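In what follows, a single structure is set out as structure tokens and then discussed.
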Amino acid sequence: MTRDQGETGNGVRRQIVGHLRRLQAEGVWALPRAQASTSPTTAHGAPARQSGLFEEPAPESELAHYRDVDETLEQIESEALACTTCRLCEGRTHVVFGVGAPRARVMFIGEGPGRDEDLQGEPFVGRAGKLLNDIIKAMKLRREDVYITNAVKCRPPKNRNPEADELAACRHFLLRQVSVIEPDVIILLGRVAVQTVLQVRAPLGRLRGRFHDWNGIPVMCTYHPAYLLRNPAEKSKVWADVQLVMAFLDQE
Ligand code: SF4
């Protein structure tokens, strides 16, 4: 599929999401599968059948403000490179902004840089990064076809989880990245990324395996590659999640 076709698909997707939100506002929280299977929604939207679109109230769009801002990834990155807004700036070697295609259809969001990432200034470059590369390859994509970033851009000390105030301070960078890239689908890697982006507290095991609507973008939650290194038996679940994403991309 060409980028132009993808843009058309994006427009259709936004129309569908807008329609679904109007239905939600009118109190319609579920559509029968038979109806979905014969509607234009189905041809386009595997997520609509499986996702929170029909199960969760649509939040106010956080991206609306940033969509009106004319800026590039390079401009956002140069701002991030000089950022000292939160305490994570104190121990960083590099700001790890993100890598990949500026108009990627698939965007991966992890938690925060680890030691290798901090040293190299690139997300997902250690053992977990190698596993993510394998996942991307299994999706019949190349690392340079997707965009990869984290919820916070600077390494938390001793690889601890980012604190709430650090995640909040860094959130605008992530929103702006998403706003510029306009991915067709986002894959959230691990609990911290899921809780940060979707702002929900449900266990990841209950959130994975279906699409969620976040600012009109289908979002798939799945396990972090570092978790898979410790729990290789869970790889099959990630593969199942990835297959849903691939099916969605094929339909688009
Ligand atoms: S983690 Fe984000 S908010 Fe904190 S210093 Fe780094 S770039 Fe700035």
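Within the same chain, lysines fewer than 8 places from LYS140 are excluded, and of the rest, those with a Cα less than 27 Å from its Cα are LYS130, LYS235, LYS237.
Over segment 71-247, Cα pairs under 8 Å with separation of 6+ residues give a relative contact order of 25 percent.
Compute the signed sum of charges (Lys and Arg +1, Asp and Glu -1) over the other residues within less than 12 Å, Cβ to Cβ, of VAL95.
So the surrounding residues net to -2.
Backbone geometry of segment 151-160 corresponds, through the Karplus equation with coefficients 6.51, -1.76 and 1.60 at θ = phi - 60°, to 3J(HN,Hα) couplings of 5, 10, 9, 10, 6, x, x, 6, 6, 5 Hz, x marking Gly and Pro. Applying the Karplus relation 6.51 cos²θ - 1.76 cosθ + 1.60 with θ = phi - 60° to segment 126-143 yields 3J(HN,Hα) values of x, 4, 5, x, 5, 5, 4, 4, 5, 5, 4, 5, 5, 7, 6, 10, 10, 3 Hz, where x marks Gly and Pro. Between ALA202 and GLU90, the contour length at 0.36 nm per residue exceeds the alpha carbon distance by 37.1 nm. When each of the peptides 215-228, 95-108, 197-210 is scored by the mean number of other C-beta atoms lying within 10 Å of its residues, the order from highest to lowest reads 215-228, 95-108, 197-210. Candidate cross-link partners of LYS153 among the aspartates and glutamates, defined by an alpha-carbon separation under 17 Å and a same-chain spacing of 8 or more, comprise GLU74, GLU77, GLU79, GLU90, GLU111, ASP116, GLU117, ASP118, GLU122, GLU163, ASP165, GLU166.
Amide H contacts under 5 Å for VAL146: ALA101, restricted to partners 5 or more places along the chain or on a different chain, H placed in the peptide plane at 1.01 Å from N.
Near TRP214, the amide H atoms lying under 5 Å from its own belong to VAL219; only residues 5 or more places off or on other chains count, and H is placed 1.01 Å from N. Label sites at GLN243 and ARG67, each approximated as a point 7 angstrom past Cα along Cα to Cβ, lie 3.3 nm apart. Put a dot 7 Å past the Cα of ASN133, heading toward its Cβ, do the same for SER236, and the two dots end up 2.8 nm apart.
Any read-out appearing in this document is the output of simple, stated calculations on the displayed coordinates, not a laboratory observation. Predicted, not measured: the structure shown is a model, and the values here were computed from it. We place every Cβ from the backbone using ideal geometry, glycine too, and count neighbours over all the protein chains shown.
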